[in-house]
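Worksheet: the structure to be examined is printed underneath.
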Amino acid sequence: GKSGYDHYMLKEIHEQPRALRQCLRGRVDELSASVDIGDLGDLSPTGIQFVACGTSYHAAFYAAQLFQSAGIPAQAFLASEYATSPPPIGDALVVGVTQSGETADTLSALREARHRGARTLAVTNVVGSTAARECDHALYIRAGPEIGVAASKTFSSQLGALNLLALATTRSDEARDIIAALRDLPGQVQELIDDSDAKEVAEHYQDAKSYFFIGRGHMHPVALEGALKMKEITYKHAEGFAAGELKHGTLALVTEDTPVFATTVGDGEQATKTVGNVKEVEARDAPVVAVTDGQSDIERYADHVLTIPETHPRAAAVLANVQLQLAAYHTANFLGRSIDKPRNLAKSVTVE
Ligand code: M6R
């Protein structure tokens, strides 16, 4: 059951600390700063291609960034486009990111890759799923069953598991910091959920017709995911962008009626540039909701702040996303939407 929550989605948002602990359990050794995901650690890919749909595509996009930063050529593809314009595979490992392991588009992209001789890996929540059975390897995200059609805890656990995959198969000078950040993540997610102001923000902007989400680097996939969640459960227009992209067209739509959720962490160059983009939307009188660890001066230009604890930027992506999940959830709840079963959508999409 829903254990006292109004919706499965809210229950699943609250289950994230536990799901993340479960994902990491027995796989991370802090003393030696090493990760053990069994035989998968021996994969040492020279190139990697991710295929996925929807929320899982956003996780895949984030994962491609992790491998790129380790010097491994990596790309994320929408599974439904993969076979239509097939990229050169070479000896790349092809990774299907799929919560259910049953998404037709993803299964068919993985089959295409196998047909062309690639080794394949399924990153999935469901043991014994078609993706897990058909791929050469499987990495389980261990989030537990997710009932809400909108993916919430499984996205966070995908990011967790994909970090483990990157740590186990590549070298990183930051491994120790990243492992420490992953260890702290479940507690930080709990802290964030307990203190979140997302409900007030949702109440304030529930009548908006359109919402925008911006972020750079790891916050770009988070912006895309924030917008998808807002759309699917509130039935309102929402779009996510790389922070620098808004001014290349969409800024024309930004008015005092379009709240912009802007995410920054740290006080480095990326944050400074995003703050610059925020000034542009603020100058058009758009309400700004800053999702931030408070290190940059974004708050000066923001009407509302959703705070995330300080951590490594990789883990910050998980935290920022939880704030956006809560903002979407509460907006949909104020609007009285069918949150667990949004119109027109199915949990698992088994047609192409
Ligand atoms: O089961 P999968 O991860 O393969 O599903 C892919 C998408 O259909 C899925 O992520 C969808 O976008 C989410 N349920 C949206 O919240």
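For Thr307, are the conditions met, namely being among the polar types (S, T, N, Q), under 21 Å from Leu10 (Cβ atoms) and surrounded by fewer than 19 Cβ atoms within 10 Å (Cβ to Cβ)?
Working: among the polar types (S, T, N, Q): yes; under 21 Å from Leu10 (Cβ atoms): yes; surrounded by fewer than 19 Cβ atoms within 10 Å (Cβ to Cβ): yes.
Yes, satisfied.
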Check: Exactly one of (1) away from the ligand (no atom under 16 Å from the Cβ); (2) over 17 Å from the mean Cα position of the chain (by Cα) is unmet by Leu66. Its number?
Finding: (2)
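Please work out if Gly90 is under 24 Å from Arg216 (Cα atoms), more than 16 Å from the ligand (Cβ to nearest atom), in a loop (DSSP other than H, G, I, E, B) and touching a residue at least 12 places away in the same chain (Cβ under 8 Å). Don't jump to the end; show me each part of the working.
Values: under 24 Å from Arg216 (Cα atoms): no; more than 16 Å from the ligand (Cβ to nearest atom): yes; in a loop (DSSP other than H, G, I, E, B): yes; touching a residue at least 12 places away in the same chain (Cβ under 8 Å): yes.
Taking the combined requirement at face value, the residue does not satisfy it.
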Item checked: Selection status of Ala19, in contact with a Ser or Thr (Cβ under 6 Å, 6 or more places away or on another chain), closer than 19 Å to Ala317 by Cβ and open to solvent by 10 Å² or more (accessible area, probe 1.4 Å) -> no
Checklist line | Flag for Gln75 being assigned to a strand (DSSP E or B), over 30 Å from Asp195 (Cβ atoms) and away from the ligand (no atom under 16 Å from the Cβ) | finding: yes
Note to self: Tally up the residues in the range 194-211 that are open to solvent by less than 20 Å² (accessible area, probe 1.4 Å) and either part of a loop (DSSP other than H, G, I, E, B) or in contact (Cβ under 8 Å) with a residue 60 or more places away in the chain (or both), please.
What the structure shows: 4
Next item on the list: Could you tell me whether the range 325-343 includes any residue that is under 18 Å from the mean Cα position of the chain (by Cα) and either under 24 Å from Arg183 (Cα atoms) or part of a loop (DSSP other than H, G, I, E, B) (or both)?
Entry: yes
Item checked: Restricting the range 124-138 to residues that are touching a helix residue (DSSP H, G or I) at 6+ places or on another chain (Cβ under 8 Å) and under 19 Å from Gly54 (Cα atoms), the residue that is farthest from the ligand (Cβ to nearest atom) -> Thr130
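For the range 93-183, list the strands (runs of 3 or more DSSP E) that sit wholly inside it and hold at least 2 residues that are surrounded by fewer than 23 Cβ atoms within 10 Å (Cβ to Cβ); which are they?
Working: elements: 93-98, 119-124, 137-140.
Fully inside the range 93-183 and qualifying: 119-124, 137-140.
Examine the range 318-335 for a residue that is free of Cβ contacts under 8 Å to residues at least 24 places away in the same chain and either of a type in the set (Asp, Glu) or within 16 Å of the ligand (Cβ to nearest atom) (or both), and state whether such a residue exists.
Kept after step one, since they are free of Cβ contacts under 8 Å to residues at least 24 places away in the same chain, are these residues of the range 318-335: none.
No, there is no match, as no residue in the range 318-335 is free of Cβ contacts under 8 Å to residues at least 24 places away in the same chain and either of a type in the set (Asp, Glu) or within 16 Å of the ligand (Cβ to nearest atom) (or both).
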Check: What is the number of the single condition among (1) within 24 Å of Tyr57 (Cα to Cα); (2) of a type in the set (A, V, I, L, M); (3) at pLDDT 95 or above that Leu246 does not meet?
Finding: (3)
Next item on the list: Of the numbered conditions (1) open to solvent by 30 Å² or more (accessible area, probe 1.4 Å); (2) part of a loop (DSSP other than H, G, I, E, B); (3) not hydrophobic (A, V, I, L, M, F, W, C), Glu81 fails exactly one; give the number of that condition.
Entry: (2)
Next item on the list: May I ask you to list pairs of residues, at least six apart or on different chains, whose Cβ atoms are under 9 Å apart, with the first in the range 270-295 being open to solvent by 20 Å² or more (accessible area, probe 1.4 Å) and the second being part of a helix (DSSP H, G or I) and of a type in the set (Phe, Trp, Tyr)?
Entry: Lys279/Tyr301; Glu282/Tyr301
Notebook entry, point to check: Would you pick out the residues in the range 321-348 that are open to solvent by 70 Å² or more (accessible area, probe 1.4 Å), modelled with pLDDT under 95 and among the hydrophobic types (A, V, I, L, M, F, W, C)?
Noted result: Leu345
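The values are calculated or read from the model by the stated rules, or taken from the named source; none is laboratory data. Everything numeric here is computed off the predicted structure, so don't read it as measured data. Here Cβ is always computed from backbone atoms with ideal geometry, including for glycine, and neighbour counts include all displayed protein chains. The area values use the complete protein model at the heavy-atom level, side chains included, leaving out ligands, DNA and RNA. Shrake-Rupley method; radii C 1.70, N 1.55, O 1.52, S 1.80 Å.
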